[in-house]
Every structure is written in C-alpha cells, then in structure tokens.
Amino acid sequence: MQSRPLSRDFYSFAIFFVAVYIVTSLIQNVVALLIGPRFLTLESFYPWLAVLQFVFIISSFALLKYYWSKGYKVAFTAALASSIVTVVQITMIYFLLMHRDWQPFYMNLAIAAITLNIVYGASLAFSKAAERPWIKRGGWLSVFVGACLLVTALWMLNTQDINLRLSLDKFHRLIALLGILVPVAFLMDLLTQLKSLNNERETKPIILREALKVAAIISILFFGMSFVGESYRSGTGRAFIPTMKVLKQAAEFGPRNYVNDKGDTLRYRLVPPLSYDSTKKYPLIVCLHHGGAHGKDNVRQLAADPAPFLLSDSVRGKYPAFILMPHCPEGAGFGGISAYPDIDTLVFETITTLEKQYSIDTSRRYVMGISGGGYGSWHFISTRPEMFAAAIPICGLGDPKFANRLTTVPIWAFHGAKDRLVSVDGTRNMVNAIKKAGGKPKYTEFGNSGHDIWRYVQAEPGLMTWLFAQKQ
C-alpha cells in the first residue's frame with residue numbers, strides 16, 4: 001500500500017464530516033443520557049437515525065481513504081471491519097420494534113461492534129498509524145472507552161439486579177458520551193494535515209462533495225431539531241408537572257411500596273372500588289402505563305393512559321374494582337422486550353400480597369396496557385396465563401411462541417394499521433398464532449391510525465362490559 005497525497009479539498013471535506021459526526025453524536029448521546037431508551041419511541045428518532053447513518057458512512061469513508069493514502073494497512077483493515085459492523089448495527093435498530101425476535105441478535109451485534117472498535121483503537125495505537133500523535137491518542141481513547149462499554153454491557157446482560165442494571169446503564173451512556181473525544185482526536189489530526197498543505201495550489205471543489213455537505217447541514221437542521229424538540233417535550237430538561245386533578249388523586253390514593261426479600265422495590269398506587277365493602281369480592285385491574293410515564297415519583301402513572309379512563313367516576317361507578325397502577329422506573333419495562341430489565345415479578349408478587357389484605361376476586365384479575373404497557377400486557381398473560389382472566393393489550397407486541405398458552409385467556413387486542421413505532425404485524429402475528437392454536441382472541445384494528453389510538457379504544461362500545469364479563 002503506497003502513500004498517496006490527498007488534496008486540500010479532500011481534507012476540508014473530511015474535516016467537515018468528522019465535525020458533523022461529532023455534533024450528531026453529541027446530540028444523540030445527550031438525549032440518550034437524559035431520557036434513556038425512551039428516545040426509541042419518538043417518531044422523530046427514525047428519520048434522525050437515517051441522518052446518523054448517513055453522516056457515519058461519509059465520515060468513515062473519509063477516514064478510510066485517509067488511512068489508505070498514508071499506507072496504514074492495519075488501521076485501514078480494522079476501521080473497515082468496525083465500520084461495516086456498525087452500519088449493520090444502526091440499520092438493525094430500524095427493525096427492532098417490528099421484529100422483537102431479532103433483539104438477542106442485536107445485542108450480540110452490539111457486543112461485536114464494541115469489540116471491533118477496541119481492536120480498531122488498538123490498531124491506531126500500536127501500528128504504523130501511531131506515528132501521528134493525534135491518531136495515537138484517539139486510538140488509546142477508543143480502547144479505553146470501548147473496554148468500559150464492553151464491561152458494562154456484559155455486566156448488564158448477566159445481572160438480574162434491576163437497580164444495578166439501571167446504574168450500569170446510566171454509566172454506559174456517560175461513557176458513550178465521553179467517546180465523542182475519539183473523533184475529536186481524529187479531527188485534530190486532519191486539521192494538522194490541512195495546515196501542512198498551506199503552499200498547495202487550490203483545486204476546484206468537487207460538486208458531489210459540496211452537495212453532500214449541503215445535504216448534511218439541511219438534514220441536521222430539520223431532522224436534528226425535530227428530534228431534539230420531541231425529546232424535550234417527552235421529558236428532557238423539564239420535570240413532570242401534575243395537574244390539580246392528578247394531585248387530588250395522588251392525595252386520595254396514597255403512594256405505596258412493595259419491597260421483596262432482595263430489597264427490590266415496586267412503587268405503585270392502589271385505587272379501591274367506590275363504596276368499598278370488605279364483605280364483597282371485587283375484580284382487580286392491573287393498569288400498565290406507556291413508556292412516556294416512566295420514573296420514580298409514583299405520580300405520573302396517574303396521568304398516563306389508560307389510567308385517567310379507569311379513574312373516571314363513570315367507569316368506577318359502573319365497574320367497581322381495585323385498580324393496581326405500578327410505576328415502572330426509567331431503564332426498565334413491564335416485560336416482553338428481550339435483554340431489557342423488567343419488573344414483572346415485582347408486580348406479580350405485589351398482586352399476591354394485596355390479595356391477602358383486600359377482598360379481591362382472584363378469578364377476575366385483568367390486565368390492560370398501552371404501548372410499553374401493551375408489551376407488558378402480552379408478557380403478563382404469556383408468562384402467567386393462570387393468573388389473569390382477561391387482557392386488553394393496546395399497540396404492543398407479543399411473542400407467538402407462547403400462543404398455545406393463551407388459547408383459554410380472553411383477549412381483546414387493539415392496534416393502528418399505520419403505527420410507525422410498534423409494527424401492527426406484531427399484534428397481527430400474535431392474534432393469528434393464537435387462533436391457529438385454537439384460541440378465539442378479539443382484535444380491533446384502526447385502519448387509518450398510527451400509534452396514538454387510545455382515544456378510539458376507550459370509545460369502543462362494550463369494552464368494559466366485555467372485560468368485566470370474563471371470569472376464570
């Protein structure tokens with residue numbers, strides 16, 4: 001591999017895209033640090049992900065050409081392998097919500113990408129490329145950051161301690177943010193190279209390169225600002241401010257905590273039936289909130305669908321029941337998402353504890369949830385079908401391999417045909433699998449709607465009448 005000099009125009013192009021890569025990475029990592037995995041549920045994330053992919057490919061191509069021109073064979077090979085795996089990893093994110101069974105493969109791919117990035121960093125620190133001081137520093141930084149990311153990722157995958165996993169996840173995101181210093185080192189090296197070309201004759205700019213620069217600027221201004229704006233509205237940079245109605249409900253239905261023998265805690269609210277009579281038995285509705293209500297204040301789940309509907313006087317008056325409203329912490333879920341911390345066992349244990357304290361009809365336990373709570377609803381009845389008399393999963397995904405367990409569980413599922421956050425195919429496949437196994441689930445699909453279908457679900461005629469008619 002022979003060293004070939006590069007033009008001033010190329011260095012300007014490479015510097016521009018490495019700088020843009022730093023900006024896009026900074027935006028992505030700051031948002032991820034502030035709102036956690038909730039950014040995956042934002043509609044603006046997927047166009048933004050395309051921008052990240054575009055910028056990464058162009059900046060990687062520029063660095064690869066640079067290594068090739070300098071004769072850094074080892075660095076070129078390692079960078080090429082790392083870039084290919086990273087591109088595949090980013091591409092796979094598009095399909096994760098639609099193909100939940102790909103998630104274990106994605107985690108393996110993520111581990112492979114981190115490992116290759118460590119190898120890439122080592123190639124910069126120990127091969128011929130180390131003759132460039134800034135490249136060598138970038139290599140050492142890449143090894144350090146990659147090692148930290150690899151350790152935390154493997155640790156998270158191999159611990160069942162929810163609090164530890166949440167702490168590790170936070171640290172993982174902080175280290176990822178620190179990783180931005182790696183392309184900063186590359187940028188400094190390119191700037192040094194450009195300065196060494198002061199006496200080179202100006203070359204005519206290549207139109208394609210200029211067009212790519214313009215495309216990058218427009219994409220960041222439009223899709224980047226859209227992503228940042230939606231992230232902020234979803235909770236970044238501002239605290240949850242409950243309405244007076246929610247504050248009144250919070251005061252009426254006080255905060256509760258369930259702590260198991262391992263010290264794990266579930267924050268929840270329990271709403272009793274109107275005119276509760278301890279001599280009578282009442283159904284229990286487990287209300288699972290959507291992903292936008294995660295936290296630890298034990299309040300915001302009161303304001304998250306489907307809670308306001310279940311807490312309305314009209315519903316409570318006509319359908320007396322206990323309503324259990326667990327509050328899921330950031331970085332965890334109710335279950336149903338592979339390689340992701342869940343609190344399902346804590347919820348099940350809480351139910352068992354409450355049934356020893358209150359007049360709950362154990363033959364009429366129901367679960368209802370939307371979005372992340374829809375995942376949880378499918379997961380609850382799939383793992384504990386004997387516990388629930390009926391389920392209403394809304395725009396969530398289930399695992400068809402559990403279909404045989406669900407043939408006797410009454411289910412009324414809902415989804416929007418144009419849902420871009422959680423593919424409607426997930427619900428369709430689940431319903432079809434249960435039918436094939438001999439079950440008779442109800443399914444309502446809103447043909448012209450996307451993810452936001454709750455207003456249609458709550459207006460569905462006979463919804464609560466159907467639910468309360470179910471009994472084991």
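The values are calculated or read from the model by the stated rules, or taken from the named source; none is laboratory data. These figures come from a predicted structure and were not determined experimentally. Here Cβ is always computed from backbone atoms with ideal geometry, including for glycine, and neighbour counts include all displayed protein chains.
Close Cβ contacts (under 9 Å, 6 or more residues apart or on different chains) running from residues in segment 287-315 that are under 12 Å from PRO242 (Cα atoms) to residues that are among the acidic types (Asp, Glu) comprise ALA293/ASP305.
The condition (being crowded, with 16+ Cβ neighbours inside 10 Å and out of contact with any Asp or Glu (no Cβ under 8 Å at 6 or more places or on another chain)) is satisfied by just one residue among ALA413, ALA437: ALA413.
Looking for something outside any helix (DSSP H, G or I) and of a type in the set (D, E, K, R) - is there at least one such residue anywhere in segment 124-132? Among the residues of segment 124-132, at least one is outside any helix (DSSP H, G or I) and of a type in the set (D, E, K, R), which makes the answer yes. Residues that are over 21 Å from PHE309 (Cβ atoms) and in a loop (DSSP other than H, G, I, E, B) within segment 255-295 comprise ASN260, ASP261, LYS262, GLY263, ASP264, ASP277, SER278, THR279, LYS280, LYS281, listed in sequence order.
Condition first: in contact (Cβ under 8 Å) with a residue 60 or more places away in the chain and within 18 Å of the chain's Cα centre (by Cα). Now tell me which residues in segment 343-373 satisfy that. Listed by number, the residues that qualify are ILE343, GLY369, ILE370, SER371, GLY372, GLY373.
Residue count for segment 144-175 satisfying the condition of being surrounded by 20 or more Cβ atoms within 10 Å (Cβ to Cβ) and either over 21 Å from the mean Cα position of the chain (by Cα) or free of Cβ contacts under 8 Å to residues at least 12 places away in the same chain (or both): 2. Taken residue by residue, segment 325-347 has at least one member that is buried (at least 23 other Cβ atoms within 10 Å of the Cβ) and within 20 Å of PHE468 (Cα to Cα). On the basis of being assigned to a helix (DSSP H, G or I), surrounded by 16 or more Cβ atoms within 10 Å (Cβ to Cβ) and not polar (S, T, N, Q), does ILE84 make the cut? So ILE84 fails the test. Identify the single condition in (1) assigned to a helix (DSSP H, G or I); (2) touching a Pro at 6+ places or on another chain (Cβ under 7 Å); (3) closer than 26 Å to VAL246 by Cα that GLY331 does not satisfy, given that it satisfies every other one. The number of the failed condition is (1).
For (1) assigned to a helix (DSSP H, G or I); (2) in contact with a Phe, Trp or Tyr (Cβ under 8 Å, 6 or more places away or on another chain); (3) at pLDDT below 95, each residue gets a yes or a no:
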| site | (1), (2), (3) |
| --- | --- |
| THR362 | no, no, no |
| MET368 | no, no, no |
| GLY376 | yes, yes, no |
| ILE381 | yes, yes, no |
| ALA391 | no, yes, no |
| THR408 | no, no, no |
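Just to be sure before I move on: is THR444 assigned to a strand (DSSP E or B) and either of a type outside the set (Asp, Glu) or out of contact with any strand residue (DSSP E or B) (no Cβ under 7 Å at 6 or more places or on another chain) (or both) in the structure I sent? Against the criterion (assigned to a strand (DSSP E or B) and either of a type outside the set (Asp, Glu) or out of contact with any strand residue (DSSP E or B) (no Cβ under 7 Å at 6 or more places or on another chain) (or both)), THR444 qualifies. Scanning segment 459-469 for any residue that is aromatic (Phe, Trp, Tyr) and without any contact (Cβ under 8 Å) to a residue 40 or more places away in the chain turns up nothing. Filtered by the rule that a residue be modelled with pLDDT of 80 or more and surrounded by fewer than 19 Cβ atoms within 10 Å (Cβ to Cβ), segment 33-43 gives LEU33, LEU34. Per the conditions (1) under 27 Å from LEU266 (Cβ atoms); (2) touching a Leu at 6+ places or on another chain (Cβ under 7 Å), the sole criterion not satisfied by ILE434 is (1).
Here PHE126 meets each of (1) buried (at least 16 other Cβ atoms within 10 Å of the Cβ); (2) in contact (Cβ under 8 Å) with a residue 12 or more places away in the chain; (3) farther than 19 Å from LEU34 by Cα with one exception, condition (1).
Of all the listed residues (GLY462, GLY450, GLY398), the sole one being under 20 Å from the mean Cα position of the chain (by Cα) and surrounded by fewer than 18 Cβ atoms within 10 Å (Cβ to Cβ) is GLY450.
Annotation: of all residues in segment 264-295 being surrounded by fewer than 23 Cβ atoms within 10 Å (Cβ to Cβ) and charged (D, E, K, R), the one that is farthest from PHE322 (Cα to Cα) is ASP264. Counting only residues that are under 13 Å from GLY369 (Cβ atoms) and assigned to a strand (DSSP E or B), segment 416-432 holds 0 of them.
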